[in-house]
Amino acid sequence: MTKEKQDEAKIASELLLECNCAWNGQLYGAYPQGTPQLSLMRLSIPPHTSLPWHTHPMPNVAYLLSGELTVEDKESGETHTFRAGQAINESVNSAHRGYTTGVAAELLIAYAGVEGQALSEPLPGEPAEF
């Protein structure tokens, strides 16, 4: 690449999310104790699909690559719909679920947990999330 071409190419960055609480206002208390383990998952959810009610034992954040996803808090019934290009700051130890309507959703989800820790825990009587 010539010097002129290098000068034309610019590195771009965009901070997509920075927060100390979940989408529903729940403050994050602390990271789990133990040997840190980061996990990155790609999750595809078909149209008209509800994930089971579940909790996460660690902070995590998702980025909606395509489609839209509505997240619902079980206790309050509060919902929020996220669309492609938006980040979702998920709740910790608080029951919730996501669901799609007529459009599929594809997400990248990053979890900040510890070795041996499940990424998601279903509520009693619910199937595993994934």
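The values are calculated or read from the model by the stated rules, or taken from the named source; none is laboratory data. Keep in mind that this is a model prediction, so the values were computed, not measured. Cβ: placed from backbone, ideal geometry, glycine included. Neighbour counts: every protein chain shown.
Data for the structure
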item	result
Test: residue in the stretch 57-67 that is more than 13 Å from the chain's Cα centre (by Cα) and either over 18 Å from CYS19 (Cα atoms) or part of a strand (DSSP E or B) (or both)	yes
Residue in the stretch 110-129 that is closer than 14 Å to THR49 by Cα, assigned to a loop (DSSP other than H, G, I, E, B) and either of a type in the set (D, E, K, R) or at pLDDT below 95 (or both) present	yes
Options LEU65, LEU123, LEU107, LEU40: the member that is surrounded by 16 or more Cβ atoms within 10 Å (Cβ to Cβ) and either farther than 24 Å from GLY25 by Cβ or hydrophobic (A, V, I, L, M, F, W, C) (or both)	LEU107
Answer from ALA118, ALA87, ALA104 - the residue that is under 16 Å from MET41 (Cα atoms) and in contact with a strand residue (DSSP E or B) (Cβ under 6 Å, 6 or more places away or on another chain)	ALA87
ALA104 small (Gly, Ala, Ser) and either over 11 Å from the mean Cα position of the chain (by Cα) or farther than 22 Å from CYS21 by Cβ (or both)	yes
Residue within the stretch 75-92 that is in a strand (DSSP E or B), out of contact with any Phe, Trp or Tyr (no Cβ under 6 Å at 6 or more places or on another chain), of a type in the set (S, T, N, Q) and in contact (Cβ under 8 Å) with a residue 40 or more places away in the chain present	no
Hits in the stretch 46-62 - residues which are surrounded by 14 or more Cβ atoms within 10 Å (Cβ to Cβ) and either touching a helix residue (DSSP H, G or I) at 6+ places or on another chain (Cβ under 8 Å) or small (Gly, Ala, Ser) (or both)	ALA62
Residue within the stretch 46-57 that is within 17 Å of ALA110 (Cα to Cα) and touching a Gly at 6+ places or on another chain (Cβ under 8 Å) present	yes
